[in-house]
1. Which ones in the stretch 33-58 are surrounded by 12 or more Cβ atoms within 10 Å (Cβ to Cβ), of a type in the set (A, V, I, L, M, F, W, C) and farther than 16 Å from residue 80 by Cα?
2. Within the stretch 32-72, take every residue that is over 13 Å from residue 20 (Cβ atoms) and in contact with a Ser or Thr (Cβ under 7 Å, 6 or more places away or on another chain) and give me the one that is modelled with the lowest pLDDT.
3. So which of 23, 39, 12 ends up being touching a residue at least 12 places away in the same chain (Cβ under 8 Å), of a type outside the set (Lys, Arg) and within 14 Å of residue 67 (Cβ to Cβ)?
4. Search the stretch 1-32 for residues being acidic (Asp, Glu), within 17 Å of residue 60 (Cβ to Cβ) and surrounded by 11 or more Cβ atoms within 10 Å (Cβ to Cβ), and hand back the single one that is farthest from the chain's Cα centre (by Cα).
5. Collect the residues in the stretch 35-80 that are of a type in the set (Asp, Glu) and either outside any loop (DSSP other than H, G, I, E, B) or within 15 Å of residue 4 (Cβ to Cβ) (or both), keeping them in residue-number order.
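The values are calculated or read from the model by the stated rules, or taken from the named source; none is laboratory data. Remember, predicted model here, so these are calculated numbers, not experimental data. Note that each Cβ is placed from the backbone with ideal geometry, even for glycine, and that neighbours are counted across all protein chains shown.
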Amino acid sequence: MQVSLATPEKIIFSGSADDVLLIADKGQINLLDRHANLITLVRKGPITLKAATGVLKFQVGDGVLKVEDNKVSILCGEISASA
């Protein structure tokens, strides 16, 4: 699935990922290929992306998530890389 992780100022990650793990409004959510369409709030915490290049980890502030037609868009006020 195509994933875009961005702040209002810039795109942090844009590419393909097999798995996205994050904390949504009602708790932890795991997005896999062909996930149902969804719009929800993202809560402050970790986001893990499993991409062909490896596992990428980020810390994010509150934001919003949209899944539509196998495309995941995540927009957060703050995003930083995590070890």
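1. Within the stretch 33-58, 38, 41, 51 meet the criteria.
2. The extreme case among them is 52.
3. Just a single option satisfies the conditions, and that option is 39.
4. So the residue we want is 25.
5. 68, 69
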